[in-house]
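Here the structure comes first, spelled out in structure tokens, and everything after it is commentary.
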Amino acid sequence: RSGAETRPFQAEVSRMMDIIIHSLYSNKDIFLRELISNAADALDKIRFLAITDKSQLGEGDASKLEIRLSVDKDKKMISIRDRGVGMTKEELVNNLGTIARSGTSAFLEQMQKGGDLNLIGQFGVGFYSVYLVADYVEVVTKHNDDKQYIWESKADGSYAISEDAEGEPLGRGTQINIYLKDTAMEYLSEDKLKELVQRYSEFINFPILMLETRTESKEVPVEGEDAAEEKPAEEQSEQEKQKAEEAKEGETVEVDDEDEEEEKKPKTKTVTETITEWKALNDNQALWLRPPGNVSDEEYAKFYKALSKREWEEPLAHTHFKAEGDVEFKAVMFVPPTAPQDLYDNYYGKKPSVKLYVRRVFISDSFEDLLPKWLSFLVGLVDSDTMPLNVSREMLQLHEGLKVIKKKLVRKAIDMIKKLADAEVKAQKEAEEKKEEEAKEEEAGEEKKKAEEAAQAYGKFYSAFGKSLKMGIIEDTSNRRRLLPLLRFYSSKSPDKLASLADYVGRMKEGQKHIYYLVGGSKDEVASSPFVEALEEKGYEVLYMTDPLDEYVMQNVQEFEDKEFANVSKEDLKLAGKDEDEKKREKKQKEEFKPLAKWWQEALGSGAVGAVKVSKRLASTPCVVVSSKYGWSATMERIARSQTL
Ligand code: ADP
Ligand code: MG
């Protein structure tokens, strides 16, 4: 191309493209998902800009927010065209060229570790997946603030940029021309593209159209006689065509009824014509606008996959509801089956993955104040009818309505999690009852599988997101009481199966007033502690708190169902049910050992220990170092020192 400037890619980008273009990765289909998702993002952006400045949209065709696919079999090329925001020359260079995007090196690292290329979109470099199927790509783009440019590259270490003065003017938006590799000719098939759009892009909220070509033979009246005033098909409008079809059908029925009509039929001849038309591939009706009762589990699962871009996963749970009143909105939220790797490493940096829409207009996919940090693992979408549209994101952030939405979302999220927990309890109970009954007839395979899944769902959830619940207890005072029953622990009576606090209370000894717990580094460490030993001997259950967060949690809660929590390693632990004799004996022993305690205190010095006391808490271990009631316990000290949080 004349006047093109050729520039090298930054080394990392070049390396990444090299890996992609030579990849033997079998799931090359994903390129279409990535490009369509970019097109949809660009459409979201222009629609957002148009809220405050309608002229941005342009007029006529340019204002149609849609995505068009077409195939050029001669050139072995497919094109994806959007009427989105487009890119200025500078953006073209920054986004697709010289500068490495922040996810590039992370993505490269993953690829070197044998990671799945399917994840490419999550690293913010999805565009380059086009080189799974192409050996040459042109990006033609027109932004309202700049001229039309063309970017082109053979993924050979460099790209070229030039002003596109001769090309067909786009008006606004981007067209990506994909020249297919010899090994990727299957994508010239319209059926294949159609299938991919249906599989990957069903929930794109813009019409995706494809130029379809088909040949059609039809009977037309021979001219001269009573040639009906039929125009050639190309000149017919859609409506006229449909009318003509309907009319024909009507005729057929009549002919069936009255055979003698046959003779009156006008003379016709067969003509074959080629028809090309833009056909919609998706029905782009927003799922969240439908009444919840009308959406199947399968549709929710598909929607989750589209939203999360993790199509290999099924969600663990979903909630879909409509809030009415001063602040109206619709929301769909999902619990993913696994936690993102960096969920807790980067807890405070994590943004919610619940998208915000206002009256169907996409506003943001990480709106800070939509959900509290502890719920940032949820995937979903909120569409508000009552929030203002024509204000900046910053203003929206301050809007009162947002608080109402947030509060409601949190409640609904907790309900969803609670349901999962309740379902597990129920399923496990049923499974046990079945065992007892010695289930004679084998349950139907499908049902059995469902029951098993329900019985494991909360366990799965808890191992992925239990820490989030704990952070919720620590940070979200207003929901603390709702979250506490959702926690699970191992204990001296339930060392292999996580137990809830309700389970614990249900097993409490008569007269027991406290819920005993011990904090430690591991289950084994806690289980073999002398503190636990003494309590066990007396028949009390001790909860094992082995997650560093547990101690923070316990600092924030005092009781569960009127039973106070008691750390068995704290000095004033009182065991219920002592009789008078025992108390007397204790007093006597304390007197007796006073000199020893005193000697010991002096020997160790006050810098090393706060006090030396005679205690009843041990069974076979002679002495133990404990932390004082108000001091930090050992684990807490460890956390504070290492600044884990
Ligand atoms: P991501 O979409 O995660 O940002 P991509 O590699 O898919 O990463 O795209 C890189 C960037 O290129 C986008 O953020 C966007 O700025 C720009 N871009 C890609 N495709 C288009 C398009 N069709 N219209 C406008 N900008 C686009
Ligand atoms: Mg993208």
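Just to check, using Stokes-Einstein with a Kirkwood Rh over alpha carbon pairs, what's the diffusion coefficient of the stretch 412-533 at 25 °C and 0.890 mPa s in µm²/s?
148
Run through every distinct alpha carbon pair of the chain and return the Kirkwood hydrodynamic radius in angstroms, one decimal place.
30.5
Equivalent ellipsoid semi-axes for the stretch 30-136, as square roots of 5 times the alpha carbon gyration tensor eigenvalues: give them largest first, rounded to whole Å.
The equivalent ellipsoid of the stretch 30-136 has semi-axes of 28, 19, 12 Å.
Of K28/K181; K192/K218; K302/K407; K435/K493; K54/K351, which sit over 20 Å apart, Cα to Cα?
K192/K218; K302/K407; K435/K493; K54/K351, as the Cα separations exceed 20 Å there.
Kindly rank 101-113, 171-183, 415-427 from highest to lowest mean number of other beta carbons found within 10 Å of each residue.
Result, highest mean Cβ count within 10 Å first: 171-183, 415-427, 101-113.
Note down the net charge around K467, summing +1 for each Lys or Arg and -1 for each Asp or Glu among other residues with Cβ under 11 Å from its Cβ. Let's see the in-between values first.
Working: positive: K470; negative: D547, D550.
It works out to a net charge of -1.
Once you list every other residue whose beta carbon is under 11 Å from the beta carbon of F48, what net charge do they have if Lys and Arg are +1 and Asp and Glu are -1?
Counting the neighbours of F48, the net charge comes to 0.
Select from T386, S296, M416 the residue farthest towards the positive end of the dipole of the chain; place +1 on Cβ of Lys and Arg, -1 on Cβ of Asp and Glu, and compute about the Cα centre.
Looking along the dipole axis, the top candidate is M416.
Round to the nearest 0.05 the FRET efficiency obtained for Q112 and K45 when R0 = 41 Å and r is the Cβ-Cβ distance.
For R0 = 41 Å, the calculated efficiency reads 0.80.
So which trypsin sites (Lys or Arg not before Pro) in the stretch 515-565 pass both tests, a DSSP loop state and at most 14 other Cβ atoms within 10 Å of the Cβ? Kindly include the intermediate steps, with their values, before the conclusion.
Working: sites: K523, K538, K563; in loops: K538.
Passing sites in the stretch 515-565 are K538.
Throughout, read-outs are computed from the coordinates displayed, never taken from laboratory work. This one's a predicted model, so the numbers in the text were calculated from it and none came from an experiment. We place every Cβ from the backbone using ideal geometry, glycine too, and count neighbours over all the protein chains shown.
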